[in-house]
Amino acid sequence: MDKLQHIDELLKKSASTRDYAKVDDNDWMAVEKKLKHRKNRIYAYWFFLALVLGTSVTFITQNVYHQSNKGIVKVQKNKNPIIIDQTPNKEKELNQPTSGLKSLDITPLTNTSPTKIRSKQTDLNTINTNITKIKYAKIPSITIDEIKGESKIKITTPAYISKIEYKPSIIKKNYVEIGFSFTPSISNKVASENTTLSGLINRNFYNNVLDNEGSSFASSQLFSLQYHLNNRFFISSGLGITQKAESISYNYTITETPWSNNNTIEYYIPLAAIDYKKIDYVGSNSYHFIEIPLNVGFKTPLSPNFEIRGQMGASYLKLVQTVGKKASFYDLGLQDLNDLNLNQNNLSANVKIGLYHNRRMFTVGVEPIISYNLNSLTDNNSAIKLNPYNYGLNISTQFKINN
Amino acid sequence: MLFEKYADKMMAVCMRYCKNKEDARDLLHDGFYKVFINIKSFKGESKIDTWMTRLFINLALNKLRHGRTKYYHDEFEAKHEPSFLPTEESSNKYNIEPNVVLDALKQLPDIYEIVLNMYAIDNMSHKEIASELGISVGSSKSRLSRGRVLLNTILKRK
């Protein structure tokens with residue numbers, strides 16, 4: 001073989017002439033553009049973060065109403081005070097006994113549109129306003145969720161209650177929930193061929209590689225922000241970390257190397273025995289993303305304390321870390337995930353619907369969730385497209401900021 | 001300026017590790033982007049062009065592993081008829097045009113082409129090659145030998 005060492009010299013000599021490798025101004029402009037783009041991207045991240053924070057603060061501050069424990073509540077929207085008269089037996093408008101009732105139906109005194117009031121005052125008498133219902137009354141507090149059209153409400157207490165422990169005095173139409181959710185899930189992927197490059201898929205890829213990749217456990221943690229409208233809809237967003245994963249169990253030997261031309265493997269060159277490569281790898285691959293979801297939700301009450309909430313929407317997923325190894329579709333060689341050209345920016349669709357325990361200051365919910373990557377995790381230069389998906393159980397706690 | 005000084009040299013590296021000029025240009029842009037991002041990590045332990053060459057080679061290998069640049073070679077096909085190589089021993093005595101040699105190199109399977117590139121042109125040791133490619137030192141030597149034979153055969157055939 002020493003006789004062929006002159007080949008090295010020949011190569012070196014040939015490579016030293018660089019007439020074939022001239023660059024021009026366009027190349028520098030392309031590099032400059034990339035650097036500029038990076039700067040802009042950093043600014044964009046900061047801008048987006050500031051926007052989310054700004055929006056959150058605005059929501060919170062706009063929806064906090066003045067509170068009072070003296071029976072007077074100011075409604076921010078129309079600026080009219082609501083006066084609660086605490087004098088016993090002053091007015092009684094109810095046409096049915098109040099003691100021990102959990103739900104009171106009150107005929108509206110005017111023809112204006114129906115409005116709900118939720119109260120936690122059992123022996124609540126009342127009222128001279130356009131209120132259709134008082135539900136779920138309990139001592140000692142009163143919570144008024146919503147009032148339409150009327151500037152004053154008089155609530156009169158029965159004689160045997162000398163003092164109303166009057167707490168909330170919060171009246172609003174919209175409110176905000178902030179919370180935390182954790183989602184244990186099972187992660188897998190849909191694999192399909194990139195039609196333009198499918199000729200590059202190794203003939204042993206499916207048997208040796210894809211058939212030996214499966215689902216794996218994953219999880220997500222998310223800080224969430226929900227803006228509840230005065231109807232049953234709400235908008236949900238947040239910021240968190242999401243994991244997608246796959247289990248790997250490869251066991252094969254590479255004995256040939258593909259020879260390709262025009263995006264097609266034309267034939268396979270047998271390797272010398274010393275070049276055989278045994279691939280024996282068992283593990284779990286993890287893909288970690290920063291997730292920013294944007295969902296639209298709908299809620300339906302089931303009982304005083306329970307409601308069904310459904311949400312659907314999309315999440316922006318920024319790939320931040322990969323851990324593990326994966327076989328190449330072309331030569332079946334094992335590659336570190338960090339060496340793969342994966343799409344950094346991804347979009348996934350997600351749907352979840354579940355049961356929420358709804359308390360005055362917080363909610364606790366459990367809901368099945370499924371999310372599916374709308375774009376392939378691999379980039380356009382890969383012959384195999386991978387769309388990861390997760391299905392799991394979302395467990396969340398939300399605190400009501402201004403309820 | 002760094003780009004003006006080393007762009008041609010790095011383009012030559014890119015073209016050796018890519019199968020067409022377009023991919024080589026992409027690699028050049030990506031490589032210089034990385035150079036400027038990572039220039040702070042250059043500690044002056046080697047020459048800057050050596051450091052840059054390694055960075056470009058690593059980047060090229062990553063792309064090759066992903067199958068991004070290996071499948072095209074139309075632009076590198078020989079534009080001239082190569083000189084005749086009568087024997088292995090005397091092949092270097094003939095005046096073979098550089099582009100013919102490099103085109104012939106491109107025709108080798110990747111596993112041989114890369115090792116020849118790294119060993120013969122980029123002066124990397126078998127140990128370094130083995131480390132970069134995740135193969136054994138023996139395998140690196142074997143690929144080099146087989147690569148030389150194949151390249152010589154191609155040059156002779158031409």
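The values are calculated or read from the model by the stated rules, or taken from the named source; none is laboratory data. Source: prediction; values computed, not measured. Neighbour counts are summed over all protein chains in view; Cβ atoms, including those assigned to glycine, are modelled from backbone coordinates with ideal geometry. We work out accessible area using only protein heavy atoms, side chains counted, and drop any ligands, DNA or RNA first. Shrake-Rupley method; radii C 1.70, N 1.55, O 1.52, S 1.80 Å.
For this structure, a couple of remarks:
- The range A:317-326, subset more than 11 Å from chain B (Cβ to nearest Cβ) and more than 30 Å from A:H357 (Cβ to Cβ), residue surrounded by the fewest Cβ atoms within 10 Å (Cβ to Cβ): A:V320
- Test: residue in the range B:104-113 that is buried (at least 21 other Cβ atoms within 10 Å of the Cβ), farther than 18 Å from B:A60 by Cα and either modelled with pLDDT of 85 or more or in contact with a Ser or Thr (Cβ under 7 Å, 6 or more places away or on another chain) (or both): yes
- Among residues of the range B:31-49 that are under 14 Å from A:D27 (Cα atoms), those with a beta-carbon under 6 Å from a residue that is outside any loop (DSSP other than H, G, I, E, B) and open to solvent by 50 Å² or more (accessible area, probe 1.4 Å) at least six positions away or on a different chain give the pairs B:Y33/A:K34.
- Answer residue from the range A:258-282, given it is exposed (fewer than 12 other Cβ atoms within 10 Å of the Cβ) and either more than 10 Å from chain B (Cβ to nearest Cβ) or assigned to a strand (DSSP E or B) (or both) and is farthest from the chain's Cα centre (by Cα) among those: A:P270
- Count of residues meeting criterion [more than 20 Å from A:A245 (Cβ to Cβ) and not small (G, A, S)] in the range A:326-350: 3
- Of all residues in the range A:1-56, those satisfying the criterion of being more than 7 Å from chain B (Cβ to nearest Cβ), surrounded by 13 or more Cβ atoms within 10 Å (Cβ to Cβ) and β-branched (V, I, T) are A:V52, A:T55.
- Unmet requirement for A:I370, which otherwise passes all of (1) open to solvent by less than 50 Å² (accessible area, probe 1.4 Å); (2) over 18 Å from A:Y227 (Cα atoms); (3) within 15 Å of the chain's Cα centre (by Cα): (1)
- In the range B:1-22 there is at least one residue that is more than 10 Å from every other protein chain (Cβ to nearest Cβ), open to solvent by 60 Å² or more (accessible area, probe 1.4 Å) and over 20 Å from A:S382 (Cα atoms).
- Among the residues examined, A:S303 does not qualify as open to solvent by less than 70 Å² (accessible area, probe 1.4 Å) and over 30 Å from the mean Cα position of the chain (by Cα).
- Count of residues meeting criterion [part of a strand (DSSP E or B) and touching a residue at least 40 places away in the same chain (Cβ under 8 Å)] in the range A:303-318: 11
- Selection from the range A:283-299 of residues that are open to solvent by less than 50 Å² (accessible area, probe 1.4 Å) and over 18 Å from the mean Cα position of the chain (by Cα): A:G283, A:N285, A:S286
- Per the conditions (1) surrounded by fewer than 20 Cβ atoms within 10 Å (Cβ to Cβ); (2) of a type outside the set (D, E); (3) modelled with pLDDT of 90 or more; (4) in contact with a Leu (Cβ under 9 Å, 6 or more places away or on another chain), the sole criterion not satisfied by A:N251 is (4).
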